[in-house]
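Structure record follows, encoded as structure tokens.
The values are calculated or read from the model by the stated rules, or taken from the named source; none is laboratory data. Small disclaimer: the values here were computed from a predicted structure and weren't measured. We place every Cβ from the backbone using ideal geometry, glycine too, and count neighbours over all the protein chains shown. Surface areas here come from the heavy atoms of the whole protein model, side chains and all, with no ligands, DNA or RNA. Shrake-Rupley method; radii C 1.70, N 1.55, O 1.52, S 1.80 Å.
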Amino acid sequence: MAATIRLRVVGSSPSVQRPGRACSCYLLRSRDAAVLMDLGSGALGNLHLAIDYPQLDAVVVSHMHADHFLDVIPLRYGLKYGPLLRDGRMPVWLPPGGSEMLRRIASAFAPEGPQDFLDEVFVVNEYDPALPLEINDLRLTFRRTRHYIDTYAIRAERGSSSVVYSADTAPCDDVVEHARNCSLFLCESTIGLGTEDGERGHLTAEEAGQMAARAETRRLILTHYSSTYAADELVEAAQSSYKGRVSIADDGVELSL
Ligand SMILES: [Zn+2]
Ligand SMILES: [Zn+2]
């Protein structure tokens, strides 16, 4: 059977990029849709290798940390001045409260004002995390994670294929439920093999494996990891509790479901 969703890792770094690697950005493609989940700093350069950006049907942002949305700004310049232009404005879906924050950032340097700067090329929307978001033949649903600011894990489905992106989170029952039985769980492992005390908003690789095991996902891909640990060490740590297939996300990796 032909694949129904393709996932391309455009950027897999956490807030401090690994050498030569961009921050969070994932391209989902189905028969009728091309959707970006997050567009973190440095990701637009990699995006050119994946798709002509005017072909994107939407950009959907998990939360308003710089490593998840900041390259909306260079995308704005690309849509306004080229090299590639687009017929019609591009929908950008932000979490609740995100549009005010994006406008505040744009107002710091846009002489024409944040309204014109953004609205000329984008349709800036906020999704309602309680409702599904349909983008052509892809259906997206949201679930709040445990992070420092309001953050939403995203489940993208078409037919029997499903990708769940954890966004940034500490161990979280709601994210486990959201990932239940998915074809592919793209899960952060920011803390890697380390430890972090007190209130936190991220996972170790082992905890990512535990969440995948509890959610009974068919496959686990670790992402949002630093350069502190070797990739195979992270995979091994996740495998200590998850018996399914584990791999590591890296910029340019592409998978069909
Ligand atoms: Zn992050
Ligand atoms: Zn974050």
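General remarks:
- Consider region 197-208 and keep the residues that are within 16 Å of ligand 1 (Cβ to nearest atom) and modelled with pLDDT of 95 or more. The one that is surrounded by the most Cβ atoms within 10 Å (Cβ to Cβ) is 208.
- Strands (runs of 3 or more DSSP E) wholly inside region 125-236 that include at least 2 residues being under 18 Å from the mean Cα position of the chain (by Cα) and among the small types (Gly, Ala, Ser): 152-158, 161-165
- Selection count where residues are open to solvent by 10 Å² or more (accessible area, probe 1.4 Å), under 15 Å from residue 123 (Cα atoms) and in a loop (DSSP other than H, G, I, E, B), scope region 40-84: 1
- Out of 160, 189, 183, sole residue that is of a type in the set (Gly, Ala, Ser), in contact with a strand residue (DSSP E or B) (Cβ under 6 Å, 6 or more places away or on another chain) and more than 16 Å from ligand 2 (Cβ to nearest atom): 183
- Qualifying positions in region 163-196 - more than 16 Å from ligand 1 (Cβ to nearest atom) and among the polar types (S, T, N, Q): 181, 183, 195
- Residues that are within 16 Å of ligand 2 (Cβ to nearest atom), at negative phi, surrounded by 15 or more Cβ atoms within 10 Å (Cβ to Cβ) and free of Cβ contacts under 8 Å to residues at least 40 places away in the same chain do not occur anywhere in region 110-128.
- Output for region 209-239, where each listed residue is within 21 Å of residue 22 (Cα to Cα), open to solvent by 30 Å² or more (accessible area, probe 1.4 Å) and of a type in the set (A, V, I, L, M, F, W, C): 230, 231
- The set of residues in region 1-39 being farther than 21 Å from residue 230 by Cα, open to solvent by less than 50 Å² (accessible area, probe 1.4 Å) and away from ligand 2 (no atom under 16 Å from the Cβ) consists of 4, 5, 7, 8, 27, 28, 30, 33, 34, 35, 36.
- Considering region 181-194, and only residues there that are within 16 Å of residue 224 (Cα to Cα) and of a type in the set (S, T, N, Q), the residue that is surrounded by the most Cβ atoms within 10 Å (Cβ to Cβ) turns out to be 189.
- Hits in region 1-31 (condition: modelled with pLDDT under 95 and out of contact with any strand residue (DSSP E or B) (no Cβ under 8 Å at 6 or more places or on another chain)): 1, 2
- Taking the conditions (1) surrounded by fewer than 19 Cβ atoms within 10 Å (Cβ to Cβ); (2) more than 16 Å from ligand 1 (Cβ to nearest atom) in turn, residue 101 satisfies each one other than (2).
- Residue match in region 173-180 (condition: surrounded by fewer than 24 Cβ atoms within 10 Å (Cβ to Cβ), at pLDDT below 95 and out of contact with any Ser or Thr (no Cβ under 6 Å at 6 or more places or on another chain)): no
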